[in-house]
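A.B. asks: My structure is below; once you've seen it, I'll send some questions.
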Amino acid sequence: MVSKRLIEYREYKGWSQEELANKICVSKGTIAQLELKLSKYPSGKTLKGFRENTDCDILWLLTGEGAMIRSGELTAEEEEYTSKLIFIFREKGLEIKERIKGIIDDYLKMVKVKLN
């Protein structure tokens, strides 16, 4: 669940809700809503803040797949996939889960190919 992983990351970094909110340019209320499961998924703005201002891996945050901490800068391929995820989270369509699942599946295939 996103809420559990968000708390895990924030506590790992030793940050308060307010400190995390300031780092990713959202309100403390946004972080609180996510942690309390009042919002099921982060917005595109929140994900963009994570990508640009933290070392948290967005794929891990959303799915639990991979490592919590990104190693180094994003590759062009990783940037493309995270950009797609952020774009989709900005939309509010009924097919969002299927679109997200497809992008994540593609990303995981790419990562597995790189590791082999």
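A.B. asks: Considering only region 3-13, I want to know if a residue exists there that is among the small types (Gly, Ala, Ser) and more than 20 Å from Gly64 (Cα to Cα). Show your work before the answer.
C.D. replies: Start the filter on region 3-13 by keeping residues that are among the small types (Gly, Ala, Ser), which leaves 3.
With more than 20 Å from Gly64 (Cα to Cα) added as a condition, the list becomes none.
No, region 3-13 contains no residue that is among the small types (Gly, Ala, Ser) and more than 20 Å from Gly64 (Cα to Cα).
A.B. asks: Now a separate question. Quick one: in region 23-78, of everything that is polar (S, T, N, Q) and in a helix (DSSP H, G or I), which residue is nearest to Asp106 (Cα to Cα)? Lay out the reasoning, then the answer.
C.D. replies: Keep residues of region 23-78 that are polar (S, T, N, Q), which gives 27, 30, 33, 39, 43, 46, 53-54, 63, 71, 75.
Retained after the next criterion (residues that are in a helix (DSSP H, G or I)): 30, 33, 46, 53, 63.
Values: Thr30: 29, Gln33: 30, Thr46: 23, Asn53: 25, Thr63: 14 Å.
Going through the qualifying residues, I end up with Thr63.
A.B. asks: Among the listed residues Asn53, Asn22, identify the single one that is over 16 Å from Ile103 (Cβ atoms) and in contact with a Cys (Cβ under 8 Å, 6 or more places away or on another chain).
C.D. replies: Numbers: Asn22 fails: in contact with a Cys (Cβ under 8 Å, 6 or more places away or on another chain).
Result: Asn53 is the single residue among Asn53, Asn22 that is over 16 Å from Ile103 (Cβ atoms) and in contact with a Cys (Cβ under 8 Å, 6 or more places away or on another chain).
A.B. asks: Filtering region 64-82 down to residues that are exposed (fewer than 15 other Cβ atoms within 10 Å of the Cβ) and among the small types (Gly, Ala, Ser), which residue is modelled with the highest pLDDT?
C.D. replies: By that ranking, first place goes to Ala67.
A.B. asks: Moving on. Would you check if Glu19 is in a helix (DSSP H, G or I) and loosely packed, with under 15 Cβ neighbours inside 10 Å? Let's see the steps before the verdict.
C.D. replies: Details: in a helix (DSSP H, G or I): yes; loosely packed, with under 15 Cβ neighbours inside 10 Å: yes.
Yes: the conditions hold for Glu19.
A.B. asks: Quick one: would you say Glu98 is modelled with pLDDT under 95, surrounded by fewer than 17 Cβ atoms within 10 Å (Cβ to Cβ) and either part of a helix (DSSP H, G or I) or touching a helix residue (DSSP H, G or I) at 6+ places or on another chain (Cβ under 8 Å) (or both)?
C.D. replies: Working: modelled with pLDDT under 95: yes; surrounded by fewer than 17 Cβ atoms within 10 Å (Cβ to Cβ): yes; either part of a helix (DSSP H, G or I) or touching a helix residue (DSSP H, G or I) at 6+ places or on another chain (Cβ under 8 Å) (or both): yes.
Here the answer is yes, as Glu98 does meet what is asked.
A.B. asks: Give region 3-20 a look and list any residue that's of a type in the set (Lys, Arg) and closer than 17 Å to Arg51 by Cα, or say none.
C.D. replies: First, the residues of region 3-20 that are of a type in the set (Lys, Arg): 4-5, 10, 13.
Passing the criteria: Arg5, Arg10, Lys13.
A.B. asks: Of all the residues that make up region 2-23, how many are over 18 Å from Lys45 (Cα atoms) and of a type in the set (Asp, Glu)?
C.D. replies: Here the count works out to 2.
A.B. asks: Further, regarding this structure: Take the conditions under 12 Å from the mean Cα position of the chain (by Cα), surrounded by 12 or more Cβ atoms within 10 Å (Cβ to Cβ) and modelled with pLDDT of 95 or more and apply them to Leu6. Does it pass? Quick ask: steps written out before the conclusion?
C.D. replies: Values: under 12 Å from the mean Cα position of the chain (by Cα): yes; surrounded by 12 or more Cβ atoms within 10 Å (Cβ to Cβ): yes; modelled with pLDDT of 95 or more: yes.
In short, yes.
A.B. asks: Let me ask something else. Can you tell me how many residues in region 33-73 are over 20 Å from Tyr12 (Cβ atoms) and hydrophobic (A, V, I, L, M, F, W, C)?
C.D. replies: Here is the first cut: in region 33-73, the residues over 20 Å from Tyr12 (Cβ atoms) are 33, 38-41, 43-45, 48, 73.
Add one more test, that the residue is hydrophobic (A, V, I, L, M, F, W, C), and what stays is 38.
Here the count works out to 1.
The values are calculated or read from the model by the stated rules, or taken from the named source; none is laboratory data. All values reported here derive from a predicted model rather than from experimental measurement. Note: ideal-geometry Cβ built from the backbone for every residue, glycine included; neighbour counts use all protein chains shown.
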